[in-house]
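Visitor: Handing you this structure, nothing more for now.
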Amino acid sequence: MMGADMDVNTLILGAGAAGMMCAAHAGPSTLVIDHAKAPGEKIRISGGGRCNFTNLHTDPARFLGQNPHFHKSALSRYTQWDFLDLVDRHKIAWHEKTLGQLFCDDKATQIIEMLRAELLQTGAELWLKTTLTDLAHDGDQYEATLERDGTRHVLRARNLVLATGGKSIPKMGATGLAYDIARKFGHTVTETRPALVPLTFSDKRFADISGVSTPVAACANGTTFEEAMLFTHRGLSGPAVLQVSSYWHEGDSISVNLLPNHDLQSSLRSARTIQGKRNVTTALAEVLPERLVSHLATQLPLQGNVGDLSDKRIDEITDGLRQWTLTPTGSEGYRTAEVTLGGISTDRIDSKTMMSRKVPGLFMIGEAVDVTGWLGGYNFQWAWSSGVAAGRAI
Ligand code: FDA
């Protein structure tokens, strides 16, 4: 069936975090479309259902991308405090969990409702279960053919915003649409790979301690994160490992310090005289999970009594635990990755407006762009800041 032709000022592809935020600032005559049944599905499942919506310590250094300066402008013009203000205006209760990470007290869906209310208030319209089947640009206007409920609509728009996100979690509707359109209009896309993702070992070497978690300092290619690490059936996860996954490439090793807060060397040395008859593994189980110690005992010289340890053995044990070098075989991939590293190259995007420097009226925002934040609310803050930058420019 053929619907009536329509003219709008702005067509936004993708009703996720960035697209909805952009619509809330782009003003009336804005249409946001999404192929999903509901807007903001990733917001809904984020932060264990409570959405870690920003981070108090948002700082450009906590983002990765080929141009380390690109994201500075948008992040400084719509900050974590601005978003917090919006959350407060909507009377959504929140709390800081750890490391500046802010979560809803109640439900992530409150953030979706807030964005939906904001965008409808500006007069923008939201079409769900809608797909783009054709797109052209005549140098002045975009002509998009849309399918909605079996009806075909031809829509002309002065501005087109690409906000369809990255490739992570294809089961939730992630597609490479933004990349394809960006390429079609002469933009390049940097290499993309899964990030904030568990790392795996083909030999499933940690299956016996799956579920064990311990604080570590994990390091990949010179960047270290001090957070918890979780052993899984397939390998390693937990915040420390998700964070380093963004800095890890296939074939690289990671280094794990299992004793980030313990001076085990001194305590073993003094235990030699006070508790010499203690088993080394029993002494270690005071600072590390018992199941982990049993697992490590198969690889490190942890047999015998504390009293029998020479200084050299103590150094060997502590060095082994501080510099545990592991070479993951891979990652769990886009199936579970929280974000996609890489994306539409920023080299032809204006950092203040997020508009293409090549094609007038073409905007690119959110995860689709080559800007990726650390774990902890940084990626949503990028979605809000880049969405507002484009919305204000429109
Ligand atoms: P987003 O993915 O949100 O939106 C894109 C939209 O485009 C979707 O609605 C999709 O349906 C639509 N779309 C895609 N292809 C389309 C097509 N071909 N046609 C039409 N529509 C299309 N970040 C954070 O800061 N704090 C957190 O707590 C979490 N937690 C978290 C948990 C999990 C499980 C995941 C997977 C991710 C997170 N993240 C996160 C990351 C965060 O969700 C992500 O960075 C943002 O949602 C990115 O916002 P965008 O709007 O760019 O894309």
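The values are calculated or read from the model by the stated rules, or taken from the named source; none is laboratory data. The shown structure was predicted, so the numbers you read here are calculated from the model rather than taken from an experiment. Positions of Cβ are backbone-derived with ideal geometry, glycine not excepted, and every protein chain shown enters the neighbour counts. Calculation scope for accessible area: heavy atoms of the full protein, side chains included, ligands and nucleic acids excluded. Shrake-Rupley method; radii C 1.70, N 1.55, O 1.52, S 1.80 Å.
Visitor: Among the numbered conditions (1) buried (at least 16 other Cβ atoms within 10 Å of the Cβ); (2) touching a residue at least 60 places away in the same chain (Cβ under 8 Å), tell me where R50 comes up short.
Guide: Only one criterion is unmet by R50, namely (2).
Visitor: Could I ask something else about it? Quick one: which strands (runs of 3 or more DSSP E) lie wholly within the stretch 191-290 and hold at least 2 residues that are open to solvent by 60 Å² or more (accessible area, probe 1.4 Å)?
Guide: 213-220, 223-231
Visitor: Here is a follow-up. If you check A38, A93, A61, which single one turns out to be touching a residue at least 40 places away in the same chain (Cβ under 8 Å), aliphatic (A, V, I, L, M) and on the phi < 0 side of the Ramachandran plot?
Guide: Among A38, A93, A61, only A38 is touching a residue at least 40 places away in the same chain (Cβ under 8 Å), aliphatic (A, V, I, L, M) and on the phi < 0 side of the Ramachandran plot.
Visitor: Of the conditions (1) in contact with a strand residue (DSSP E or B) (Cβ under 8 Å, 6 or more places away or on another chain); (2) open to solvent by less than 50 Å² (accessible area, probe 1.4 Å); (3) part of a helix (DSSP H, G or I), L126 fails just one. Which one is it?
Guide: That leaves (3) as the condition not met.
Visitor: Let me ask something else. Does K107 satisfy the criteria of being of a type outside the set (F, W, Y), open to solvent by 50 Å² or more (accessible area, probe 1.4 Å), within 12 Å of the ligand (Cβ to nearest atom) and touching a residue at least 40 places away in the same chain (Cβ under 8 Å)?
Guide: Here the answer is no, as K107 does not meet what is asked.
Visitor: May I pose another question? How many residues are closer than 12 Å to Y378 by Cα, part of a helix (DSSP H, G or I) and more than 13 Å from the ligand (Cβ to nearest atom) when one looks only at the stretch 34-74?
Guide: Counting residues in the stretch 34-74 that are closer than 12 Å to Y378 by Cα, part of a helix (DSSP H, G or I) and more than 13 Å from the ligand (Cβ to nearest atom) gives 2.
Visitor: Got at least one residue in the stretch 172-179 being open to solvent by 40 Å² or more (accessible area, probe 1.4 Å), modelled with pLDDT under 95, of a type outside the set (F, W, Y) and part of a helix (DSSP H, G or I)?
Guide: yes
Visitor: Just checking, does the stretch 300-310 include any residue being on the phi > 0 side of the Ramachandran plot, open to solvent by 10 Å² or more (accessible area, probe 1.4 Å) and within 31 Å of the chain's Cα centre (by Cα)?
Guide: Checking the stretch 300-310: not a single residue is on the phi > 0 side of the Ramachandran plot, open to solvent by 10 Å² or more (accessible area, probe 1.4 Å) and within 31 Å of the chain's Cα centre (by Cα).
Visitor: What number of residues within the stretch 358-376 are within 8 Å of the ligand (Cβ to nearest atom) and either among the charged types (D, E, K, R) or open to solvent by 10 Å² or more (accessible area, probe 1.4 Å) (or both)?
Guide: Summing the residues that are within 8 Å of the ligand (Cβ to nearest atom) and either among the charged types (D, E, K, R) or open to solvent by 10 Å² or more (accessible area, probe 1.4 Å) (or both) in the stretch 358-376 gives 2.
Visitor: I've got another one for you. So for the stretch 338-357 (the condition being touching a strand residue (DSSP E or B) at 6+ places or on another chain (Cβ under 8 Å), of a type in the set (S, T, N, Q), away from the ligand (no atom under 14 Å from the Cβ) and part of a helix (DSSP H, G or I)), does at least one residue qualify?
Guide: The answer is yes; a qualifying residue exists.
Visitor: Just need a number here: residues in the stretch 1-20 that are within 8 Å of the ligand (Cβ to nearest atom) and either under 22 Å from L86 (Cα atoms) or out of contact with any Gly (no Cβ under 8 Å at 6 or more places or on another chain) (or both).
Guide: Looking only at that region, the number is 7.
Visitor: Show the residue pairs that are 6+ apart or on different chains and have beta-carbon atoms under 6 Å apart, the first residue being within the stretch 127-141 and closer than 21 Å to R183 by Cβ and of a type in the set (D, E), the second being open to solvent by less than 50 Å² (accessible area, probe 1.4 Å) and assigned to a strand (DSSP E or B).
Guide: What qualifies is D134/T145.
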